[in-house]
1. Label S164 and S60 with points 7 Å out from Cα along Cα→Cβ: what is the distance between them in nm?
2. Net charge near D140, counting Lys/Arg +1 and Asp/Glu -1 over other residues with Cβ under 14 Å of its Cβ?
3. Beta carbons within 10 angstrom, averaged per residue: use that to sort the peptides 195-207, 15-27, highest first.
4. Taking H as built 1.01 Å from N, whose amide H comes closer than 5 Å to the amide H of A21, not counting residues under 5 places away?
5. Can you give the local net charge around F156? Use residues other than it whose beta-carbon is closer than 14 angstrom to its beta-carbon, Lys and Arg +1, Asp and Glu -1.
6. At 0.36 nm per residue, and after removing the present C-alpha to C-alpha distance, how many nm does the segment from D142 to R49 gain when stretched out fully?
7. Give me the extension gain from R79 to E115: residue separation times 0.36 nm, minus the current Cα-Cα distance, reported in nm with one decimal.
8. Grab the other residues whose beta carbon is less than 13 angstrom from that of A62, score K and R as +1, D and E as -1, and report the net.
Amino acid sequence: MQADLFADESKAGRWPIAPGAVVLHGFALPEENALLADITPLLAAAPFRQLVTPGGYVMSVAMSNCGQLGWVSDLKGYRYAALDPQTNQPWPAMPPIFLQLARRAAAVAGFAGFEPDACLINCYQPGARLSLHQDRNERDFDAPIVSVSLGLPATFLFGGLQRSDRSQRISLQHGDVVVWGGPARLRYHGVLALKPGNHPLLGAQRINLTFRKAG
Ligand code: MD3
Ligand code: FE
């Protein structure tokens, strides 16, 4: 049980990287197998796909979603949608373990009462990257975003409130959970191209879960 491994959950591996942003190193490790077991059936119902940006570029990161709302992009723009445009079916439900992990991480970081209704699932193969952007399709910026990194490590770029602000580089490893809220919520961020490698559980990929209150 998590409670035994991290008897003092409020302090274990907790690193503030900026006001409103807290890295919880290894926070998801006790649940790595349960998370991965739950991801498999989700992806059978809503497979990873490479979305097209409004500018007409195919994203290198492949994406899927679970929860009441899912983030999608096409030539018409970015938005949250209740139906998977590929199947016209609702996104798979958010597994209880996902929801509990997101709530627990948010509470540790000072955001009690976080109730995500969307979980974006990003899949990076070597070379895949996410250019600098803000997450601003959610209705309420008071709610934080919780991210869970699984598989190969990545270098995360954490910028400022303006695109031109300098970015800091943060290494995110398998099992790391980051909570981004308050003054960090609208900061620009991105992910450098994934380096090749082999993760014992996930092979040559990185999967990132981001929990949001979108609606
Ligand atoms: C900082 N995903 O899906 S998670 C995204 O690793 C996204 O897949 C990255 O950026 C990934 O939109 C980074 C970390 C993250 C997520 C949202 C943020 C950092 C954030 C929102 C505001 C500030
Ligand atoms: Fe983002």
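Each value in this text was obtained by applying a stated rule to the coordinates, not by laboratory testing. Remember, it's a predicted structure, so these values are computed and weren't measured experimentally. Cβ sites come from the backbone with ideal geometry, for glycine too, and all protein chains shown count toward neighbours.
1. Computed distance between label sites S164 and S60 equals 2.6 nm.
2. Values: positive: R136, R139, R185, R212, K213; negative: E115, D117, D135, E138, D142.
Its environment carries a net charge of 0.
3. Per-residue Cβ counts within 10 Å, averaged per peptide and sorted highest first, yield 15-27, 195-207.
4. G181
5. The answer is +3.
6. 30.5 nm
7. The span from R79 to E115 would gain 11.0 nm if fully extended.
8. Around A62, the charge tally is +3.
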